[in-house]
Amino acid sequence: MHGDAQAVRRVHGAWASPARIEQYQFAIARHAFHVAVSDATLIGFSELDRERGEVKAVYVAPGWLRRGVGRALLAELERIAQEHRLGELQLEASLTAAPFYLAAGYRAGRRATHILSSGEGLECIEMRKKL
């Protein structure tokens, strides 16, 4: 699992300050966690907290953008949410990621500040989608 967490950390680190390896290991073990792989290389991942109905992450390696990887990862989380009878998903999208979620049918709510593991604040938009 340590190698998986390291690969996830590399993809995440392309977009945000990477977290401690233990945080990735926790997410992999406890949440609905999916990866996209090409030629044995991790190119994206997604994470769903089923208890809270919250999309925690959808990240794609920079060289794989606009190829449907993120959409496929998000669709899998939505399928799992429906399987678990969740009527709605919520998330905090960065300002950069908001158009991706809007295109996937999420509705924008209020702006907020997401506190990163580093303690830094990141402007985001609260978003929801009825399933």
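What FRET efficiency comes out for the pair Gln90/Arg67, r = Cβ-Cβ distance, R0 = 30 Å, nearest 0.05? Once the sixth-power term is evaluated, E becomes 0.70. If you take the Cα centroid of region 97-127 and the Cα centroid of region 30-84, the two points sit 16 Å apart. Under 5 Å from the amide H of Ala36 lie the amide H atoms of Ile43, Gly44, Phe45, each residue being 5 or more positions distant or on a separate chain, with H modelled from the backbone and absent for Pro and chain starts.
Dividing the summed helix terms, -39500 (n - 2.57) for each DSSP H run of n ≥ 4, by the number of residues in the chain produces a 222 nm estimate of -10000 deg cm²/dmol to the nearest 500. Placing unit charges on each Cβ (+1 for Lys and Arg, -1 for Asp and Glu) gives region 2-130 a dipole about its Cα centre, and among Thr41, Phe100, Leu77 the Cα reaching farthest toward its positive end belongs to Phe100.
Here the translational diffusion coefficient of the chain follows from Stokes-Einstein with Rh set to the Kirkwood radius across Cα pairs; for 20 °C and 1.002 mPa s it amounts to 143 µm²/s. Each Lys and Arg adds +1 at its Cβ and each Asp and Glu adds -1 at its Cβ; summed about the Cα centre, the chain shows a dipole of about 320 debye.
Proximity of backbone amide H atoms, modeled 1.01 Å from N, is registered between Glu54 and Asp49, Gln90 at under 5 Å, excluding neighbours fewer than 5 places apart on the same chain.
Laboratory data are not the source of any read-out in this text; all were calculated from the coordinates shown. These numbers come from a predicted model, not from an experiment. Using ideal geometry, Cβ is built from the backbone for each residue, glycine included, and neighbour counts are taken over all protein chains shown.
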